[in-house]
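Reading through the structure tokens given below for one structure.
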Amino acid sequence: MAESQTEKADRIIDKAIFAAAEFQQFDQEQTDRIVEAVYKAGLNARISLAKFAVDETGMGIWEHKMWKNVIATQLVYESIKDVKTVGVISTDPVTGITEIAQPLGPIFAVTPVTNPTSTAMFKILLCLKTRNPIIISSHRGAAKCTGEAVRICYEAALAAGAPEDCIQIIPSGSRDFTQLVMAHPKIALILATGGTGLVKAAYSSGNPAIGVGPGNVPVFIDDSADIPFAVSNIITSKTFDNGTICASEQAIVVEEKTEQKVREEFERQHCYFLSPEEIAKVEKVAITAEMSMSPFIVGQSVEVIAQKAGITVPEGTRILLAKLKGVGKDYPLSHEILAPILAFYSAKDHNAAINLCIDLNYLGGIGHSAGIYANDEKTIMKFSLLINAGRIVVNTPTSQGAVGGTYNLLPPSLTLGCGTGGKNITTENITAKHLINVQRVCRRRINHKFADADQKIYFDENCNETVLTKEYHKNH
Amino acid sequence: MLKFNYNKSEKALTCFFAGRLDTIASFNLCDELYAKLNTLRGTDDPAVMVNDKILFDMTEVNYIASSFIRICITVAKQVPRGNLTIVNCDPFLKKTFKIAGLDEILIVT
């Protein structure tokens, strides 16, 4: 008799549960040996997996996907290798609190089509470091390359002594089955990286979830900025893997007084400003009627996008820029587009520019990332206090800056927390510390201020907060 | 690694395991264990239930792999519910069985 979907889910999760039971017996040294072996195997496969991903998905640039694989393995490994994730992880004799790390249990990880092999290896390394078995569900458009990344990691893990079934991959393609596994009561946590629907499904599953969805990254070039430097950095970021990183720039905002200089710099660096007629044509191929980006242009080059839109652009154009007058459904290119297309805004003054950034930020990108180019600390802080973003990267390409590990000291991560704005529990870059339960052994340390206060007066209705505050802070 | 003691009056087979029951050790002992169960049931058909009580004594065990957990489940399916008991677990092992969810289908002490 054919196995039902429920039986299949039970079988996969039981295997993960047994792996979890075995894994929690490992000490830090055994765990680290496995992580090191997997990181090395993943790093050695960085080129073949990058080429495989581009061949299968038809998205991005293999040299850039290779760098993503390096970030996901080498940089992530370097950031977690010395982190304690097993047993006692800290002891403070003053507070009397000892922290103990415990694994979570089976983790269900969803990987995207845009960064398939790197995200898989990244999540595998974090899970192994924290002794959690991982079940990966790949995007159906990247099933083969993700499967290959998983195979390479699993074989290396087993050879280093990891438990059987500590890494599994489920067949892609069935949304119902993915949701069945996601909602299984024995899943400890869902690590979902992908589109809005997927992240919503993760949060609706009833299991704890870290779901990271779309962004819509505004970048403000202040008049205090070094404009050629800013433009060069933006191009580096937005053209990286043809714009497939969700932290890539989506809109550039400048003040009227600097508009001409910024425009000229973009043009000098081989970017092309679309005419209103060309904007209308690009909108049709880039954004669907539901105001989401078209999958057919994700990770595509300028040449391909221009061809699809039926426009002609100068040879060697790196980015298409669309000067828009507003934000929202009447301006389709103001939405997130994971391709080398940028919205461009000119605001009458400083405040209007920041207000535009806020509008863009709230158009589907709350909590994700934002960028600012400025050499005035007051402006940087004003912008940062007003923007709702987990990462506000300064004078830095947002793709690389938000991911961390290269341009700043953020933990390198391919899963970027977006806070409550993105329905996440954290705004941090997800790393090993998010995949452990920390138990606290709390030794007796009396709060003498409270213990020595006259407890009776708390029962006296005539004693207001002034009296109680004074009593609490009294020198005994 | 594996020793047996059969108590005829109580119709109870105690299996004494020892050492580190990793994947290889579990693989090596399962044939011997299943052969013993076949002797008790009088046939090598695993669909025929073993009506004797089975005890897995874990006194000398310090580690179990997921393969050993699978062996426990296989044996649990071949005896009436409640007839397989895992005894003398170190708390470390008790927790391992707990995480694996085995206490839902057999007795772990």
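The values are calculated or read from the model by the stated rules, or taken from the named source; none is laboratory data. Owing to the predicted nature of the structure, the values given are computational and were not obtained by experimental measurement. Cβ: placed from backbone, ideal geometry, glycine included. Neighbour counts: every protein chain shown.
Condition first: in a loop (DSSP other than H, G, I, E, B), hydroxyl-bearing (Ser, Thr, Tyr) and out of contact with any Ser or Thr (no Cβ under 8 Å at 6 or more places or on another chain). Now tell me which residues in segment A:418-476 satisfy that.
Our first condition is that a residue be in a loop (DSSP other than H, G, I, E, B); within segment A:418-476, this holds for A:418-419, A:423-428, A:430-431, A:443-447, A:452-454, A:460-464, A:473-476.
So of that shortlist, the ones also hydroxyl-bearing (Ser, Thr, Tyr) come out as A:426-427, A:431.
Residues satisfying the conditions are A:Thr426, A:Thr427.
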* Structure fact -> When restricted to A:Glu56, A:Glu63, the only residue more than 16 Å from A:Ala142 (Cβ to Cβ) and either exposed (fewer than 14 other Cβ atoms within 10 Å of the Cβ) or touching a residue at least 12 places away in the same chain (Cβ under 8 Å) (or both) is A:Glu63
* Asked: Between a first residue in segment A:339-361 that is in the same structural domain as A:Gln300 (by TED's automatic domain parsing) and part of a helix (DSSP H, G or I) and a second residue that is of a type in the set (S, T, N, Q) and crowded, with 23+ Cβ neighbours inside 10 Å, which pairs have beta carbons less than 8 Å apart while being 6 or more apart in sequence or on different chains?
  -> A:Leu360/A:Asn216; A:Leu360/A:Gln250; A:Leu360/A:Ser334; A:Asn361/A:Asn216
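Given the residues A:Ala309, A:Ala322, which is the only one that is modelled with pLDDT of 95 or more and farther than 26 Å from A:Phe220 by Cβ? Talk me through it step by step, then tell me what you get.
Values: A:Ala322 fails: farther than 26 Å from A:Phe220 by Cβ.
When all the criteria are applied, what remains is A:Ala309.
Name the residues in segment B:34-73 that are more than 14 Å from chain A (Cβ to nearest Cβ) and under 21 Å from B:Gly101 (Cβ atoms), would you?
Step one: of segment B:34-73, the residues more than 14 Å from chain A (Cβ to nearest Cβ) are B:34-57, B:59-60.
Listed by number, the residues that qualify are B:Ile54, B:Leu55, B:Phe56.
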* To do: Show the residue pairs that are 6+ apart or on different chains and have beta-carbon atoms under 7 Å apart, the first residue being within segment A:195-209 and surrounded by fewer than 21 Cβ atoms within 10 Å (Cβ to Cβ), the second being modelled with pLDDT under 80 and not in a helix (DSSP H, G or I).
  => A:Gly195/A:Gly213; A:Thr196/A:Gly213
* Out of all the residues in segment B:42-62, is one or more under 14 Å from the mean Cα position of the chain (by Cα) and either within 27 Å of A:Leu104 (Cα to Cα) or of a type in the set (Gly, Ala, Ser) (or both)? -> yes
* Asked: Is one or more of the residues making up segment A:65-86 modelled with pLDDT of 95 or more and in a strand (DSSP E or B)?
  -> no
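Yes/no matrix, rows are residues, columns are (1) assigned to a helix (DSSP H, G or I); (2) not assigned by TED's automatic domain parsing to the domain that holds A:Leu126:
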{"site": "A:Gln179", "(1), (2)": "yes, no"}
{"site": "A:Ile187", "(1), (2)": "no, no"}
{"site": "A:Ile190", "(1), (2)": "no, no"}
{"site": "A:Pro228", "(1), (2)": "yes, yes"}
{"site": "A:Ala247", "(1), (2)": "no, yes"}
* Structure fact -> A:Ala202 fails exactly one of (1) in contact with an Asp or Glu (Cβ under 9 Å, 6 or more places away or on another chain); (2) in the same structural domain as A:Phe177 (by TED's automatic domain parsing), namely (1)
* Within segment B:80-95, how many residues turn out to be away from chain A (no Cβ under 14 Å) and either in a strand (DSSP E or B) or at pLDDT below 95 (or both)? -> 7
* Given the residues A:Thr85, A:Thr98, which is the only one that is in contact (Cβ under 8 Å) with a residue 12 or more places away in the chain, touching a strand residue (DSSP E or B) at 6+ places or on another chain (Cβ under 6 Å) and over 21 Å from A:Ala209 (Cβ atoms)? -> A:Thr98
* Structure fact -> Residue set A:Thr91, A:Thr95, A:Thr114; condition touching a Lys or Arg at 6+ places or on another chain (Cβ under 8 Å), not acidic (Asp, Glu) and not in a helix (DSSP H, G or I); output residue A:Thr95
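Can you say whether A:Asp176 is touching a Phe, Trp or Tyr at 6+ places or on another chain (Cβ under 9 Å), more than 22 Å from A:Leu49 (Cβ to Cβ), away from every other protein chain (no Cβ under 14 Å) and of a type in the set (D, E, K, R), as far as the supplied structure shows?
Working: touching a Phe, Trp or Tyr at 6+ places or on another chain (Cβ under 9 Å): no; more than 22 Å from A:Leu49 (Cβ to Cβ): yes; away from every other protein chain (no Cβ under 14 Å): yes; of a type in the set (D, E, K, R): yes.
Against the criterion (touching a Phe, Trp or Tyr at 6+ places or on another chain (Cβ under 9 Å), more than 22 Å from A:Leu49 (Cβ to Cβ), away from every other protein chain (no Cβ under 14 Å) and of a type in the set (D, E, K, R)), A:Asp176 does not qualify.
Of the residues A:Ala157, A:Ala149, A:Ala201, A:Ala162, which is assigned to a helix (DSSP H, G or I), within 14 Å of chain B (Cβ to nearest Cβ) and either at pLDDT below 95 or within 26 Å of A:Ile436 (Cβ to Cβ) (or both)? Break it down stepwise before answering.
Details: A:Ala149 fails: within 14 Å of chain B (Cβ to nearest Cβ); A:Ala201 fails: within 14 Å of chain B (Cβ to nearest Cβ); A:Ala162 fails: assigned to a helix (DSSP H, G or I).
Only one candidate passes the filter, namely A:Ala157.
Pick from segment A:112-155 the residues that are surrounded by fewer than 24 Cβ atoms within 10 Å (Cβ to Cβ) and β-branched (Val, Ile, Thr): which of them is farthest from A:Val298 (Cα to Cα)? Lay out the reasoning, then the answer.
Applying the first criterion (surrounded by fewer than 24 Cβ atoms within 10 Å (Cβ to Cβ)) to segment A:112-155 yields A:139-141, A:143-144, A:147-148, A:150-152, A:154-155.
Within this subset, residues satisfying the condition of being β-branched (Val, Ile, Thr) are A:150, A:152.
On the way: A:Val150: 24, A:Ile152: 27 Å.
Among residues in segment A:112-155 that are surrounded by fewer than 24 Cβ atoms within 10 Å (Cβ to Cβ) and β-branched (Val, Ile, Thr), the one farthest from A:Val298 (Cα to Cα) is A:Ile152.
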* Breaking point among (1) without any contact (Cβ under 8 Å) to a residue 60 or more places away in the chain; (2) under 25 Å from A:Leu410 (Cα atoms), for A:Ala37 -> (1)
* To do: Give me the pairs, please: first residue somewhere in segment A:16-29 and at the interface with chain B (Cβ under 9 Å from one of its Cβ atoms), second residue anywhere and part of a loop (DSSP other than H, G, I, E, B) and at pLDDT below 95, beta-carbon distance under 8 Å, and either six or more positions apart or on two chains.
  => A:Ile17/B:Gly101
